[in-house]
Each structure stands twice: as C-alpha cells, then as structure tokens.
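Taking it in order: structure first as structure tokens, then the write-up.
None of the figures in this text is laboratory data; all of them are computed from the coordinates on show. None of the values given here were measured: they were computed from a predicted structure. Using ideal geometry, Cβ is built from the backbone for each residue, glycine included, and neighbour counts are taken over all protein chains shown.
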Ligand SMILES: Nc1ncnc2c1ncn2[C@@H]1O[C@H](COP(=O)(O)OP(=O)(O)OP(=O)(O)O)[C@@H](O)[C@H]1O
Ligand SMILES: [Mg+2]
C-alpha cells in the first residue's frame, strides 16, 4: 500500500516519449485516413506497374491539420518499401515550399536527395530539372516529389515550378517519364495559376481532406496517447473535452484540426506535470486552451535569424526569471548567439522587423516600457510555452539547421 501511495505521490512525469508529439513524427497508423491512403495508392498503381516509366500527378487539399502531410509522408515511406520489395528504384522527396521558399532551394533539395554528386552551380532550376530527369533515366529510377504547402510557391514565385516540371515531361514525350508530383495545398485555388491541362489532370486526381469530427479526433488522440503517455496518464474526460472543443462549430480557426488537438493535449500534459498532477484532467485542457498554443511547427518554419532572436528572448527570460526583457538585452544575447553559431548578425532595423514578425505569429508579445525603465524601450515577453521548453527546442532546431548549412558549404559562400 505504502508503495502505491509513494508511486503516485512521486510520479511527476506523464509523458513517456515526447518525441512522438513533435510535428515531424508520422505515426504508423493514421486513423480515419485509410481511404485517402488507398486512393493515393490507386493513383500511383500505374507508376509501379510500368516499372517507373509513367508519371502521375495528384493533389491533396483540405483545411489545416487534416492529415495531408502525414498521409503523403506515410504513403511515401510505404511506396518506397513496396517498390524496393519489387526491385524497383523509387525515391520519395517531400518538400515544404514554405520552408524552402525559392525555386533555387527546391531544385537543390531535389538534386541533394536524388543525385548529390551532380554539380549544382551555374545551372538554372530548369536545367537542373532536366539533368535530374536524365539521371533518373540512366539509372532507371523514378522520383515521387511532394510539393507541400504549395500555396506558398505558386502565387509567389512568378516562375512556375510545377509548370516547369510538367513542361519537362512534355518535352520528353517519347521517353519514360520519371518524375511524379503530389501537390499539397489548403486551398484548391492554388490551381488558378496553372495551365488548363495541368488543372484538369490534377482535379481528376484530387483527394479532399475533410476536417475531423469529434469521434475521429478522439480516435486519433487515443492512438497517440497509447504511443506517448504512461498508461492511465490522460483521463477519458480530458480526451473527450479536447475532441469536442476542437470539432465544435464555434471553433472557427482550428475546427477539425488534429494538429491543434494534439497541441492542446501536449500543452495540457505539460501543465499537469507542472502542477504535479497524476493525470491530465479537463481542467488542464481548459488551462491549455486559455493560454493558446503556438506549435513547434510554427517555430520550425521561422527563418534562421528569427529562430536565433527567439532563442535569445527565451534564454534571457529564463536567466532573469522576469516576465519581460528589453530589446537591448535581446540584441546583446543575439550577438553572442550569432558568434556561437558563426552567423552574421543582422542590423538593428532588421532585428526589429523579425521581432514584429514573431509578435505577429503570436510567439512573443511586446509592449512599450512604462515606469522603472529609463526612456522608452520595447519590452518583450513569451506568450506561450515556458522559456525553458522553447529554449531547448530551439537549440536542437538551430543546431540541426546550422549543421546542414555546414555540410552544404553554405556558411562559406552566402548567396
Ligand atoms: N489521422 C491521423 N492520425 C494520427 N495523427 C494525425 C492524423 N491526421 C493528422 N494527424 C497529426 O496531426 C498533425 C497535423 O497533421 P498534418 O501535418 O498531416 O496536417 P496538414 O493537413 O498537412 O495541415 P497543414 O495544412 O496545416 O499543413 C500531425 O502531427 C499529424 O501527425
Ligand atoms: Mg501540412
């Protein structure tokens, strides 16, 4: 008896494996998306049947958090496994057009994944694409390229990347066609920019993702809880409350959004742990919701210097244990961090713009100093997560990003 009581009283941790709550984690099973996966497989059947000599185009569309990215990635993994099993060389490349914002970065990423030995310098993206295609041909390979968050690409780029990809396949009409495309976009109007034949091909192969219902969200949460939490760590009522909240008609911004539901769960669990609770309860969910959530994904999508500035904010806040810090303190810390990671610090005005951007996406809040400060200065605080959590997460993300820069030799020649 004493043991049970002691166990309960000393148990602080509810989350067993936090990595499985991170946005990049794609769970093995995706409840209520089996049909979508099946449909994708049907579309791509021909690619496998022709041993990678025919291409397909597909489009996934639907509101935020409805599983588009997860389904594409899970499909990519499974189709590689299947192709390998059948002795077919197939590559799956998932590109986030929000993160890799230019045509140049995107083509370079494709080269990196398919044929890293190819020279990258001195070629236009279109020339590079042609080289990739030739490479695939001479190696009898097929590539499925997912352009995720294509909303960011098409209206912005001026140059039409998808059009280039398609033009390439048109030009090689009598040759095997070795590049398939999966386009992911929240809104279907992304298509207005494309030419008619592409639109009709894509519309024909469009898979729609509807917002999740309360019952579906409950299944998704339950599946993730089994993978992530200790048994019994989340109460049934908490799960029910999250599912109901996120699927409610008044929930305008996030209705049926699994990412938001999982974010609430993560946050509620953090609050419960902080309060030494033995289980996540509805009250923790309500507190989580009241605080609002900024997802790790939002943070990952920031530019490197925005991340460095956010890290500076988190670090100084944690060290000082105050609610707000000054712009000057942030800039001092930012300079040091830039030196640490061998990055050129941005000028004051640019830093200020980044701060405004961080404020706009809701990670930090700012106000103008009142009494207790000399002159007027901008004060900065963290809106959402505890400074320590943000700090740890950012160190991981930035280290990763800078390491990638170094392996690409980018820090030496900034273009
Ligand atoms: N059916 C599901 N089962 C398990 N987890 C899911 C399911 N659908 C979505 N998720 C999870 O919810 C989060 C959001 O899903 P995903 O990133 O696929 O959404 P999305 O449709 O791509 O949204 P956005 O348009 O904002 O990019 C991810 O963490 C994903 O793993
Ligand atoms: Mg997505």
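Can you sort 229, 75 by how many other beta carbons sit within 10 Å, fewest first?
Going from least to most buried by this count: 229, 75.
Subtract the Cα-Cα distance of residue 388 and residue 250 from 0.36 nm times their separation in residues, and report this length gain in nm to one decimal.
46.4 nm
Roughly how far apart, in whole Å, are the Cα centres of the range 244-273 and the range 103-142?
So the two Cα centres are separated by 41 Å.
Which ordering of 53, 149 is given by a fewest-first count of other beta-carbon atoms within 10 Å?
Placing the least packed residue first, the sequence is 53, 149.
Calculate the spin-label point distance for residue 400 paired with residue 214, positioning each point 7 Å from the Cα along the beta-carbon direction, and give it in nanometres.
Here the modelled spin labels are 3.5 nm apart.
At 25 °C and a viscosity of 0.890 mPa s, what translational diffusion coefficient does Stokes-Einstein give for the range 212-293, taking Rh as the Kirkwood radius over Cα pairs? Give it in µm²/s as a whole number.
Diffusion coefficient, whole number: 200 µm²/s.
Given that compact globular proteins tend to follow 2.2 N^0.38 Å, what is the ratio of the alpha-carbon Rg of the range 66-133 to that value?
Here the Cα radius of gyration is 1.26 times the empirical estimate.
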